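The block underneath contains the structure these notes are about, expressed in structure tokens.
The numbers here are math on the coordinates, done by the rules we state, and not lab data. Remember, it's a predicted structure, so these values are computed and weren't measured experimentally. So basically every Cβ, Gly included, is an ideal-geometry build from the backbone, and we count neighbours across all protein chains shown.
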Amino acid sequence: MHEMSVALAVVDQVTEAAARAGDVTAVRSVRLQVGELAGVVPDALAFCFELACAGTLLEGAELVTEAVPGRARCTSCAHAWAVGMPPRLTCPGCGGGTTDLVAGRELQITGVRWEDGDPAPAPTGEPIPEEC
């Protein structure tokens, strides 16, 4: 299951960030951006996250996901549109087929809340590798 490898990667990154921070005894919540086109099912990710957190510093932590809609832009006419599911990659403005995906593939930790309630910065500020 793809979501389990994503959940494990999130737990690893947050655990590493907590170790660098020092006095962290527990993690309350993890905020994660999940793009509509990232190939991740949020409900499955939440289930896997709970399993991946068991026995770690993150046990009992809440996973807060922020959905990022897919958006594309036509390279010919610069029209931008919501891609939707299934993805529409042909420009609705000019019918052009050369587009750039500008949003919707995100899979990134955007915040972590430590046990003491102080918000912590995202562990790395970098997206989770797509091979996860």
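For segment 73-95, a residue qualifies if it is in a strand (DSSP E or B) and either in contact with a Pro (Cβ under 8 Å, 6 or more places away or on another chain) or hydroxyl-bearing (S, T, Y) (or both), and the qualifying residues are W81, A82. I'd like the residue in segment 65-75 that is surrounded by 14 or more Cβ atoms within 10 Å (Cβ to Cβ) and not charged (D, E, K, R) and, out of all such residues, is farthest from E3 (Cα to Cα). Ranking the qualifying residues of segment 65-75, first place goes to C74. Within segment 23-37, being of a type in the set (D, E, K, R) and farther than 21 Å from R71 by Cα holds for D23, R28, R31. The number of residues in segment 35-69 being out of contact with any Pro (no Cβ under 6 Å at 6 or more places or on another chain) and within 24 Å of R105 (Cα to Cα) comes to 23.
No other residue among E66, E50 is within 17 Å of the chain's Cα centre (by Cα) and more than 13 Å from V11 (Cβ to Cβ) apart from E66. Among the residues of segment 87-98, those that are out of contact with any Gly (no Cβ under 6 Å at 6 or more places or on another chain) and farther than 21 Å from A67 by Cβ comprise C91, P92, G93, C94, G95, G96, G97, T98.
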